[in-house]
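Accompanying notes for the structure given below.
The values are calculated or read from the model by the stated rules, or taken from the named source; none is laboratory data. Being a predicted model, the structure only gives us computed values, none of them experimental. Methodologically, a virtual Cβ is constructed for each residue, glycine included, from the backbone with ideal geometry; neighbour enumeration extends over all protein chains shown.
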């Protein structure tokens, strides 16, 4: 669905947020430096142009608002019409953004805009593959904190565009008691007790376990959210049976060494959630190009 040029030009902050604008400014500074001399020396200052950003591969689209905001940061006279929505399935040759405005700004913003678009669409595409692989099961696909520094909110937005679910956004919005916390605290019970005593914010609490014995300990403490780390399908099925026999409701999340080849088998064990770092840390980019038309 196309958004109007006025919406893209005046609503940049609203569409992408201040964190994304900061990233855009850093990326432009990195790329442009003291000036885009090629565009300045080959293109007259008053020349206007039209351009189309076109997909060169099939995938799932994400990052359109960020890509459009790149041009708005360079020159508010550049109008951007977003032709496809984030989350849309695209094919090679599809036009995703149409640009009109000062030719220099369009040329200067090209690579930065495409970099945002190709990486975020890659994350969305990777996520969609995993979501499709577990279709028909009760399992949801979650991301992790294994994100590109500074890009977390953008990458998590791309995960949502691909049909995935965001796990915690950072250390501040959820408690996840892992092996190192347990070791320093003096054991699982001590760690859980201290969190319950100090958790005045009412944050959700999850405990990581690596064996049936650790799972039994967590269930015995009344833990409601358990992360099953690096367990094979047989261990996961056993964990599901143990959790269902518990006196309270337990949400189980599988994590560790999850791939497209084994994610279906993991989902069929009965776990409710599967978290996958590869959604963000190693998603292949989706290729895009920009075609210029002189006006």
### Query
Of the residues that make up region 216-237, is at least one within 30 Å of residue 119 (Cβ to Cβ) and at pLDDT below 95?
no
### Summary
Out of (1) in contact with a strand residue (DSSP E or B) (Cβ under 8 Å, 6 or more places away or on another chain); (2) assigned to a loop (DSSP other than H, G, I, E, B); (3) closer than 28 Å to residue 211 by Cβ, the one residue 176 does not meet is (2)
## Note on the structure
Only unsatisfied item for residue 77, checking (1) under 18 Å from residue 28 (Cα atoms); (2) in a helix (DSSP H, G or I), is (2)
## Note on the structure
From the option list 262, 257, single residue qualifying as modelled with pLDDT of 95 or more and surrounded by fewer than 19 Cβ atoms within 10 Å (Cβ to Cβ) is 262
#### Entry: Residues within region 40-62 that are within 20 Å of residue 151 (Cα to Cα) and not in a strand (DSSP E or B), tallied
2
### Task
May I ask you to say which residue of 20, 62 is at pLDDT below 95, surrounded by 20 or more Cβ atoms within 10 Å (Cβ to Cβ) and touching a helix residue (DSSP H, G or I) at 6+ places or on another chain (Cβ under 8 Å)?
20
### Query
Would you say residue 65 is in a helix (DSSP H, G or I), out of contact with any strand residue (DSSP E or B) (no Cβ under 6 Å at 6 or more places or on another chain) and more than 27 Å from residue 129 (Cβ to Cβ)?
no
### Query
Among the residues of region 231-239, is there at least one that is within 23 Å of residue 281 (Cα to Cα), assigned by TED's automatic domain parsing to the domain that holds residue 144 and touching a strand residue (DSSP E or B) at 6+ places or on another chain (Cβ under 9 Å)?
yes
### Task
Please indicate, with yes or no, whether at least one residue in region 132-141 is under 16 Å from residue 86 (Cα atoms), touching a helix residue (DSSP H, G or I) at 6+ places or on another chain (Cβ under 9 Å), in contact (Cβ under 8 Å) with a residue 40 or more places away in the chain and assigned to a helix (DSSP H, G or I).
no
### Message
Just the residues that are in contact with a strand residue (DSSP E or B) (Cβ under 9 Å, 6 or more places away or on another chain), assigned to a helix (DSSP H, G or I) and over 22 Å from residue 251 (Cα atoms), please, taken from region 142-173.
### Response
158, 161
### Message
Return the residues of region 68-80 that are surrounded by 18 or more Cβ atoms within 10 Å (Cβ to Cβ) and in contact with a strand residue (DSSP E or B) (Cβ under 8 Å, 6 or more places away or on another chain); say none if nothing qualifies.
### Response
68, 71, 72, 78, 79, 80
### Task
Could you grab me the full set of residues in region 189-208 that are assigned to a helix (DSSP H, G or I) and under 21 Å from residue 167 (Cβ atoms)?
191, 192, 195
